[in-house]
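The structure appears below as structure tokens.
All of the numbers you see were taken from the coordinates with simple rules; none came from a lab. None of the values given here were measured: they were computed from a predicted structure. Positions of Cβ are generated from backbone atoms using ideal geometry, with glycine treated the same way; all protein chains shown enter the neighbour counts.
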Amino acid sequence: MNILVVGGAGYIGSHVTREFLDRGHRVTVFDNLSSGLRENLFSGAAFIHGDILRYEQLVAALGSGGGMDGLVYLAAFKAVGESMVQPEKYSINNIIGTVHLLNAAAAAGLKYIIFSSSAAVYGEPAYLPIDEKHPTNPENYYGFTKLEIEKFLSWYDRLKGIRFASLRYFNAAGYDIKGRIRGLEQNPANLIPVIMENACGIRKELQIFGGDYDTPDGTCIRDYVHVSDLAAAHALALDYIGRTGKSVTVNLGSETGSSVLEVLETARRITGKPIPSRPAGRRPGDPARLTASAALARELLGWKAEYSDLETLIKTSWNAYRSSN
Ligand code: WQD
């Protein structure tokens, strides 16, 4: 198929692009390179330097190469903390960008969209593990924008016949198993890349946000899922909506919880680096535990997290950081 990967030069987008190329699709990456990196572009994929806020650029991209069959939509701002102080930025890029993207998709007669959604749509968990029936009540503006995009997708499905898959990622981490992704995320705030920057000496110590949670070791528990597993889910989701003609919303997580200290100890062992740390106060808005039920993705898409054990998550991350620093 002819696939447009919007945001394909970013961290998750580059892995998704690799996956679609590996499966024999024709891929065009559309990215404004605001956080995406040129080194993440593959020779096998075409590249359009474009912005989702420029409607005419989207229309041109959707018509390129004989027209697109499907689109993967990953272009969004995703810094939770920033979204609470600069909501305007998130409104413009994430919401207005979506309106342009959907209008361009409708104008082009596009059939399928795979959307990069987030566990942030759920907010504070009412029960665990979180399944797709869990109430959606985002606690931050970023999560609100992801939930609104899901609603736009439902309406364009109903009114324009664009079928979609919303993939609600839990904590994405790790790097390509075969080490083919060269670009590292710049100024990361997420736990595993921050730990990796400490292991490389880019940072001096890890702050552990909160040690008095109601968990076995007092630190927060999260569901880390390998980015290559996420990438595979995009391809399976496209197969599913193509095969059934039905839209779908699923969680993607490993269904395993790991605490901050478990992640840190695993990283110390694998990297052989001391990775100094110090206790810091709780970070506002952090739930004690978050774990996914991914039963629906297993059942409908035939998806399975293959690389999402802590060992593989840290090994593949270290492989990427060690070879770049
Ligand atoms: C993980 C744990 C921190 C950094 C975020 C978004 C979520 C989704 C995934 C996109 C927490 C602790 C972290 C550090 C620490 N994003 N931590 N020291 O907040 O679970 O999820 O990314 O859709 O919406 O909120 O991920 O990696 O920031 O934190 O102690 O320097 O590590 O407190 O317990 P989070 P994270």
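A few comments on the model shown:
- Kirkwood Rh and Cα Rg combined as Rg/Rh, the range 152-197: 1.21
- Sorting the segments 185-195, 220-230 by their residues' average number of neighbouring beta-carbon atoms within 10 angstrom, most packed first, yields 220-230, 185-195.
- Principal axes of the range 88-221: Cα extent on each, largest first, Å: 51, 39, 33
- Scaling against 2.2 N^0.38 Å puts the C-alpha radius of gyration of the chain at 0.96.
- Ranked by how many other Cβ atoms sit within 10 Å of their own Cβ, fewest first, the residues Ile162, Ile314 fall in the order Ile162, Ile314.
- According to the Cα-based calculation, Rg over Rh for the range 1-107 is 0.97, with Rh computed by the Kirkwood formula.
- Taken about its Cα centre, the range 210-325 carries a charge dipole of about 360 debye when Lys and Arg each add +1 at the Cβ and Asp and Glu each add -1 at the Cβ.
- Derived from the Cα gyration tensor, the three semi-axes of the equivalent ellipsoid of the range 44-161 are 27, 17, 12 Å, largest first.
- Among the listed pairs Lys89/Lys273; Lys78/Lys151; Lys133/Lys304, those beyond 28 Å (Cα-Cα): Lys89/Lys273
- Against the main long axis of the alpha-carbon atoms of the chain, helix 11-22 sits at an angle near 60°.
- Net charge, Ala294 excluded, C-beta distance under 13 Å - Lys, Arg +1, Asp, Glu -1: -4
- Other residues lying with their Cβ under 11 Å from the Cβ of Gly10 contribute a combined charge of -1, Lys and Arg counting +1, Asp and Glu -1.
- Charge sum, other residues only, whose C-beta stays under 13 Å from Ser247's C-beta, Lys/Arg counted +1 and Asp/Glu -1: +4
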